[in-house]
Every structure is written in C-alpha cells, then in structure tokens.
Amino acid sequence: MSAHARCFGLAVGLSASVGAVWADPTQVEQQVKSAGNAQKDSDFGFRSGSFVATPIPFSNPTIGSGLVLGLGYLFNIDRGSKPSVIGIAGLRSDNGTMGYGGSINLYSHDNRWQLETLFAEADIRYDLFTTIGTLPIRQEGYLGRVSLSYGVTPDLSFGGSMRYLKTDVSLDAPDLPSIPAPFNDFLNTEILSLGVVADWDTRDDTLYPTSGNHLQFEASRGIFLGGILPDYSRAFLNFSHYVAVGKNGVLAAMASTCAASSDTPFFDQCALGGTDSFRGFSFTQYLDDRSASVQVEYRQTLTPRFGGVVFGGAGLVGPTYGQLAEGGTHGAVGIGLRYRVSKKFPVDLSVDVTRNTIDENQLYIYVGQRF
C-alpha cells in the first residue's frame, strides 16, 4: 500500500497522512477492493453499505509520529464495481502537524467510471533542506483534488485530474531571518493544476499482491492564480511488479521516475519519498527537477498474524536526467515487521526501520504495504 502522497509540503502532509485513511485514492482502493471481494453476494445500493471506523498510528521522518482517525461509509453501486466510499479523517503528530479532510470516491458500471476526490485543510511542520542549512517550515492551507477516469478494459483506465492548492509558507521560528530565494517566491500562493492520469493494474490483490503488475502515470500543468509567477509542468511514473516465492513469500519491486519544469515551486518538485514511497529520508531532503529510484522488497508470512520484510532501494535527484549521477546515489536498506490486524482481510500494521547512506536511522509506522 502506498503510504506516500503525491507531492510534499502541504500536499504531502495531507495525502500521506489525512489521505491514509479515506482520502488517498490509491489507499482507499486497496482497502475497499478486498472488502468488496469478500462480499460478492451482498446487496447493492447506498442503503446496503456499512460504516467502518479506522484509527491508524503513523511515523515518518518528515512530520514525526501521531495518529490518524477516520470514519468511512462503504457501499457497492453495482455488482461488477469495487466498493465506493464516503469518508472523513483527521490527524495530529508530535511535531505540531494537524489536519482534517474528507473524500467521496465512486465506482460504477463495472468500474468503467471512477470518480475520486479529496478535500482537506492542514497545518504542516517539517524541515526543509537547503544549501544554507536546514530550515524549520510551517505550511498551512487548503487542498482540493478531483479525478475522473474511464476504464477501457477491466485493468486499464484513463482520465483527467484537477487540484486546487492554497498555501502559506513561513519559518517556524520567530528569531530566524526570512526564507531565502528562490524559495520565498512561493510563500503565499494559489495554484490550480490540471492533468491527465492513467492506471494499468493486473495485480491479483490490491492489499497484499503476490503476482501481477501495477503502472501509475500522471502529468499535470500548474497554473498560479493571479498570473504573477510562470506556470509549470510535472509528471511521474511508477511501475511495480510482484512474484510469489515459495508458499509464503513475495518478491516486490518498484521503479519510479519524476520530472518537473524549472519553474516548479519547491513543494511540488520531485523528491525521494514523494511519489515513489521511498523509505530512508525525509520528503524534503533530496528534491530537484528530476528523480529516479528503484526498490526491492522480500515479504515473508511467518504465522497467520505475523510477517516480516527486508528491503533496499537507491535513488537519484538532479536538475536534468543527464545530471542525476552528479549528486550521488542515495540509498537505504531496512527490515520490517507486519502484524495482520484483520482475520478477514490481508490488512497489515507495518513497522519499518531503515539505515541510509548518510548513516541515519529512520522509523516508519503505517498500515498496509509500502507499494
């Protein structure tokens, strides 16, 4: 399960944390599809749904540790579609980050039509790594996202997306000077992003896949409302592959790349741990106009309740693809424990510990698989 979000700063804080329950379309899809597979003979229609309350602990190096609380209503519009969901969620972390949001995700006509939405408000605290040192940042604002896709086959869909972001950025320390250029151009702004999305998914299960492939693509154009700053473009591609190993093992691999134009604001640039779910570094530690990464993970079920993983990955960032190697390769390895929180569905509470190439240790706590 992707615990990551689509960009960082405000958008990462919301999509990776508030969105972890109901608002992030990827994670919602993974959770409710399994529920739908287990209820093939249930009634259909809005009144035949059920409520689900979900407390989720989390920990990551960007916003610290905390808890997400969510409430969702799941229902099937028709027999051939995965369950739709209406939900709300809120979060708070130990570094002062807080937020709340809601979503409505609807799937109908045998998944031919897929509507996914996210609306949230947050106050995010994080460290921004710059050439003059690490800056404590406070980023407040609102985020709204809508995507509509049409499935040309049961596995392949195409669509469009729209995101509205209003954000205010400031230093989270009154005794420090103002944020330096070029970051200070984006302190108080409104951005409308229009994009196209594509998804190809042949996995045997979205919660705990043991075979198949999953490809995600999105390209967008960010428009600064008010016309002061130039528009910018951004795109990413994630490809995951899964192979069963023996009776209880799974080998999972993921390759990712991201590209953004030179006018992209720092909170929408490509980053390790942004769109690629990379573990080992803060979202804001390595960011630029290009990124590429690869990750491999071996998953082993030990008992009906417990499992373990070992994983490793390497990534690069730079201003162009030709300059990716100039900044060096950033890598991390780790081990993790999985606890199956449900006897009915393959939903795991995940705890991972990583060691990176700059000799830092990081702790991650989340629900589901990383990818």
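The values are calculated or read from the model by the stated rules, or taken from the named source; none is laboratory data. Note that the coordinates shown come from a computational prediction; the quantities given were computed from them, not determined experimentally. Using ideal geometry, Cβ is built from the backbone for each residue, glycine included, and neighbour counts are taken over all protein chains shown.
Quick notes on this one:
- Taking first residues from segment 70-93 that are more than 18 Å from I56 (Cα to Cα) and partners that are of a type in the set (A, V, I, L, M) and part of a loop (DSSP other than H, G, I, E, B), the Cβ contacts under 9 Å between residues at least 6 apart in sequence or on separate chains come to P83/I77; S84/I77.
- Looking only at segment 288-328, and only at residues there that are surrounded by fewer than 21 Cβ atoms within 10 Å (Cβ to Cβ) and polar (S, T, N, Q), the one that is nearest to F267 (Cα to Cα): T320
- Test: Y150 is aromatic (F, W, Y) and under 21 Å from the mean Cα position of the chain (by Cα): no
- Within segment 299-348, tally of residues that are under 17 Å from Y364 (Cβ atoms) and at pLDDT 95 or above: 18
- Only one entry in S256, S233 is closer than 30 Å to L302 by Cβ and touching a strand residue (DSSP E or B) at 6+ places or on another chain (Cβ under 7 Å), namely S256.
- Residue match in segment 83-93 (condition: closer than 27 Å to V196 by Cα and assigned to a loop (DSSP other than H, G, I, E, B)): yes
- Candidates in segment 67-80 are the residues that are farther than 16 Å from E121 by Cβ and touching a Leu at 6+ places or on another chain (Cβ under 9 Å); of these, the one that is surrounded by the most Cβ atoms within 10 Å (Cβ to Cβ) is I77.
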